[in-house]
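*Asks:* Provided herewith is a single structure, encoded as structure tokens, for subsequent inquiry.
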Number of protein chains: 2
Amino acid sequence: MNKLELSVSPMHRICKKAGADRVSEEAAKELAKILEVIGVKIAKEAHDYSIHARRKTIKAKDIEIATRKVMEK
Amino acid sequence: MNKLELSVSPMHRICKKAGADRVSEEAAKELAKILEVIGVKIAKEAHDYSIHARRKTIKAKDIEIATRKVMEK
């Protein structure tokens, strides 16, 4: 993973939603990196579920079940 | 949480990174919603750690420790 898919500005907004006043640029980048890693994990599981269901398209229900699996590990 | 902070286009790219060919619009929205919820959880924990360390700014190390806490629950 070289280029990050998530940009830092939404990370600042997410931190503000969480009650933070100030967030360092490094912290925003770290959060973007982490959310992307979690996102790819969830997407991989979702992809497996879609293949299992003989579909070529990932649907919302695949994301839901994949999230439960990734977050409960 | 009404307006989502994360947009859908990076979600499509994240799914492609995970090996998926096609992703429904609803699935991309679901992933954006989920990553935002996880992001806010991590940011809340990080905010608590920064306050505990008598800082007003969230730093990268706060995000790291908060992630371990949120993901191991």
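The values are calculated or read from the model by the stated rules, or taken from the named source; none is laboratory data. Because the structure is predicted, anything quoted here is derived from the model rather than measured. Neighbour counts are summed over all protein chains in view; Cβ atoms, including those assigned to glycine, are modelled from backbone coordinates with ideal geometry. Remember, those area values only see protein heavy atoms, side chains included, never the ligands or the DNA or RNA. Shrake-Rupley method; radii C 1.70, N 1.55, O 1.52, S 1.80 Å.
*Asks:* Which pairs turn up if I take residues in the range B:17-38 that are more than 7 Å from every other protein chain (Cβ to nearest Cβ) and look for partners that are hydroxyl-bearing (Ser, Thr, Tyr) and open to solvent by 30 Å² or more (accessible area, probe 1.4 Å) with beta carbon separation below 9 Å, at least 6 apart in sequence or on another chain?
*Replies:* If the second residue must be hydroxyl-bearing (Ser, Thr, Tyr) and open to solvent by 30 Å² or more (accessible area, probe 1.4 Å), the pairs left are B:Ala28/B:Ser9; B:Ala32/B:Ser7.
*Asks:* Moving on to the next point. Got a sec? Which of B:Ala46, B:Ala28 is crowded, with 19+ Cβ neighbours inside 10 Å and in contact with an Asp or Glu (Cβ under 6 Å, 6 or more places away or on another chain)? Before you say what the answer is, go through the steps one by one.
*Replies:* Numbers: B:Ala28 fails: in contact with an Asp or Glu (Cβ under 6 Å, 6 or more places away or on another chain).
Residue meeting the stated conditions: B:Ala46.
*Asks:* Considering each residue of the range A:57-73, count those that are open to solvent by 10 Å² or more (accessible area, probe 1.4 Å) and more than 7 Å from chain B (Cβ to nearest Cβ), and give that number.
*Replies:* Count: 8.
*Asks:* Let me ask you something else. Which of the residues spanning the range A:1-15 are touching a strand residue (DSSP E or B) at 6+ places or on another chain (Cβ under 8 Å) and at the interface with another protein chain (Cβ under 9 Å from one of its Cβ atoms)?
*Replies:* Correct list: A:Met11, A:Cys15.
*Asks:* Please work out if B:Arg54 is open to solvent by 60 Å² or more (accessible area, probe 1.4 Å), under 19 Å from A:Ile63 (Cα atoms), among the basic types (Lys, Arg) and at pLDDT 95 or above.
*Replies:* Values: open to solvent by 60 Å² or more (accessible area, probe 1.4 Å): yes; under 19 Å from A:Ile63 (Cα atoms): no; among the basic types (Lys, Arg): yes; at pLDDT 95 or above: yes.
No: the conditions fail for B:Arg54.
*Asks:* Evaluate the following for A:His52: is it more than 7 Å from chain B (Cβ to nearest Cβ) and under 16 Å from B:Gly19 (Cβ atoms)?
*Replies:* Taking the combined requirement at face value, the residue satisfies it.
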